[in-house]
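**Q** Could you have a look at this structure, given as structure tokens, before my questions?
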Amino acid sequence: MKCEICHEADAAAVIHVKKDGEDRELYVCKACAAKSRHKKKNPNPKPNGEGAPSLEFGDGEEPPEFVKNLVEATLGFMKGVVESEQNSRTCPACKTTWEQAKESGHLGCPNCWKAFAKNIRANFLSGQYGPKHVGSMPPTVTGEASRAYLERELKAAVAREDFKRAAALKRLIDALGGKEGQ
Amino acid sequence: MSARRGPNSQFQATHVVTGGSMCLYRNDQDRRFGTDDQHVITELWELPSDIPDAYTRLEAAERRLAAEHVFAWHPEFGYLSPFPDHCGTGLHVWAEFHLEGLNLIGDLQPVRAGIEAMRMTFHGVDADGIHNAGHIFRIWNNATLGLPERKLVRRVMRTFEDLVTQELYARQMLIEDTPRIFEDSIMRALAILRSARLLSPWELFDLLSPIRLAANMGYIAGITGSEVISLMAAQAKKPDLPPPQSIADERRRDNRDAALADRINKRFARVEFTF
Ligand SMILES: [Zn+2]
Ligand SMILES: [Zn+2]
């Protein structure tokens, strides 16, 4: 899944924002998460100063200006996605409906996880150790992506004439240096 | 007959935990979920204490696969699978236990409840109308979300080690505190194995469990523990016959059970309980 702010890097974190009195979630990359963390001035830093301030905004809390702007800026894109997360009955990518998925216990594609996130949380995750993933992340998310993967992505980006992404990928591949492999 | 303390080799972890594996499930980002597309990386381990090393090998294999694939991933749900209750690390650690000692001293239920409270599945073999046939149990973590891999690995290792200890302790209690129950279960099983005229594969599987326990503890002559294990495995592999619909079906089933009984009567004629 791509970052919903920059649409460049893979999403690696969730930030919660309030929009029109409704809780919304943005899946963002590490850099964008750090940016919003930086912008969010914590008025009462924890006395022990431990850990980074939480990215979650409390219920009554107004999101910082920066995040509001981001939400405005991405609203066109977000509207579809957020609405699909709130009420979705059908995955936009594979057309599986929530009823079908629930009935068969089988989702249609990776995007179903996003389309049916609310339903999945409510119906399927009660037996888990915790509500959120902790542990390893794929190298495509941590930034340790292999040359093979980057080159394949570059080819795909060129094929669909996404030259901005192609240029970014080219820079990453050059930065790896060396020859085959890592 | 009187209870006597055998050599230490009668209490071996390998008699209780009869093999384990661990799997990582990965799916590709840019594909619909199908049945064939899922990557399953598997490692085997022998004793619970080997689980962390097995995970190190698994992790290396996963990194090699990650160099060639873009895995379906979500910042909240982790590695995605087609199943809405399978996400997070996608790591399952699986083992098979023989818990006849706990069964005979009557402690199986509380132990099972304790394992299930750890969010693990505890699954007996139910077949041929026999509940928990052979007291062989498969145990694995059904939860994969919310605990990092290394923590899960350590937790599962400790749970499995505790279970082995409890079973070995039950075996010791059995021969020291309740030898009559021990003798009764073994001799009853031996009597049926020697003289039953019809034996279904699953009934045989179930009857072999106390024999396996006694053989592992060094109290059986005439058949080895490993032969008992292979006999059990052979029964488990036999396909279940559908419920008989006609007299011909019934005859077919009876013929099968008669042939098995004849063979087993012969094999166990000179097997002795040496407690
Ligand atoms: Zn971003
Ligand atoms: Zn879908």
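**Q** Modelled label-to-label distance, A:D174 and A:Q100, 7 Å Cα→beta-carbon offset: nm?
**A** 4.5 nm
**Q** Another question, then. Among B:F205, B:F77, B:F122, determine the one that fluctuates most according to a GNM of chain B built with springs between C-alpha atoms less than 10 Å apart.
**A** Maximum among the listed residues: B:F77.
**Q** Something else: Let me know the Rg and Dmax you get for chain B when you use only its Cα atoms, in Å.
**A** 21.8, 68
**Q** Please list, in chain and number order, the residues 5+ apart from B:T144 or on another chain whose amide H is under 5 Å from its amide H, with Hs placed from the backbone.
**A** A:Y129, B:C87
**Q** Around A:G108, under 9 Å between beta carbons, what's the net of Lys plus Arg minus Asp minus Glu among the other residues?
**A** That works out to +2.
**Q** Using 25 Å as the Cα-Cα cut-off, could you pick out the over-long pairs in A:K30/A:K164; A:K35/A:K155; B:K151/B:K237?
**A** From A:K30/A:K164; A:K35/A:K155; B:K151/B:K237, over 25 Å: A:K35/A:K155; B:K151/B:K237.
**Q** For B:S200, what accessible surface area do you get with a 1.4 Å probe? Give it in Å², rounded to 10.
**A** About 10 Å², ignoring ligands and nucleic acids.
**Q** Now, a different point. Please work out the FRET efficiency for the pair B:T178 and B:A221, using the Cβ-Cβ distance as r and a Förster radius of 22 Å; give the result to the nearest 0.05.
**A** 0.45
**Q** Per-residue mean of other chain beta-carbon atoms within 10 angstrom of the beta-carbon, peptide A:119-127?
**A** 4
**Q** Might you work out the accessible area of A:E8 for me, using a 1.4 Å probe with all protein chains in place, and round it to the nearest 10 Å²?
**A** 60 Å²
**Q** Roughly how big is the stretch B:8-175's charge dipole about its Cα centre, with Cβ charges of +1 (Lys, Arg) and -1 (Asp, Glu), in debye to the nearest 20?
**A** Dipole about the Cα centre, nearest 20: 360 debye.
**Q** Still on this structure, I have one more. Can you tell me the 0 to 90 degree angle between the C-alpha axis of helix B:225-237 and the longest principal axis of chain B, rounded to 10?
**A** The answer is roughly 70 degrees.
**Q** Still on this structure, I have one more. Which angle between 0 and 90 degrees, to the nearest 10, do you get for helix B:149-177 versus the longest principal axis of chain B when only C-alpha atoms count?
**A** That helix lies at roughly 10 degrees to the long axis.
**Q** What are the residues whose amide H is under 5 Å from the amide H of B:A72, where those residues sit 5 or more places off or on another chain and H is modelled from the backbone?
**A** Close amide H contacts, sequence-distant or interchain: B:N27, B:D28, B:Q29, B:L80.
**Q** So which residue, out of B:E76, B:E59, B:E96, gets the largest mean-square fluctuation from a GNM of chain B using Cα contacts under 10 Å as springs?
**A** Comparing B:E76, B:E59, B:E96 in a Gaussian network model of chain B, the most mobile one is B:E76.
**Q** With +1 on each Lys and Arg Cβ and -1 on each Asp and Glu Cβ, and nothing else charged, work out how big the dipole of the stretch B:179-273 is about its Cα centre, in Debye to the nearest 20.
**A** Here the stretch B:179-273 has a charge dipole of around 240 debye.
**Q** Express in Å², to the nearest 10, the accessible area of B:W140 obtained by rolling a 1.4 Å probe over the protein heavy atoms while all chains stay in place.
**A** The accessible area comes out at roughly 70 Å².
**Q** A follow-up question, please. Would you pull out the residues with amide H under 5 Å of A:K2's amide H, same chain only if 5 or more places away, H placed 1.01 Å from N?
**A** When sequence neighbours closer than 5 places are left aside, the close amide H contacts are A:A11.
**Q** Return, ordered by residue number, the residues of the stretch B:205-224 whose backbone nitrogen is under 18 Å from a label point located 7 Å along Cα→Cβ of B:R188.
**A** Answer for this model: B:205-215.
**Q** Between helix B:247-268 and chain B, what is the angle of the helix's C-alpha long axis to the longest principal axis, kept within 0 to 90° and rounded to the nearest 10?
**A** Approximately 70 degrees, to the nearest ten.
**Q** Now for a separate question. Partner chain Cβ atoms within 10 Å, averaged over the residues of A:107-117 - can you pull that number for me?
**A** The per-residue average across the peptide is 6.
The values are calculated or read from the model by the stated rules, or taken from the named source; none is laboratory data. Keep in mind that what you see is a predicted model, and the values were worked out from it rather than measured. For neighbour counting, all protein chains shown are included, and Cβ atoms are generated from backbone atoms with ideal geometry for every residue, glycine included. Remember, those area values only see protein heavy atoms, side chains included, never the ligands or the DNA or RNA. Shrake-Rupley method; radii C 1.70, N 1.55, O 1.52, S 1.80 Å.
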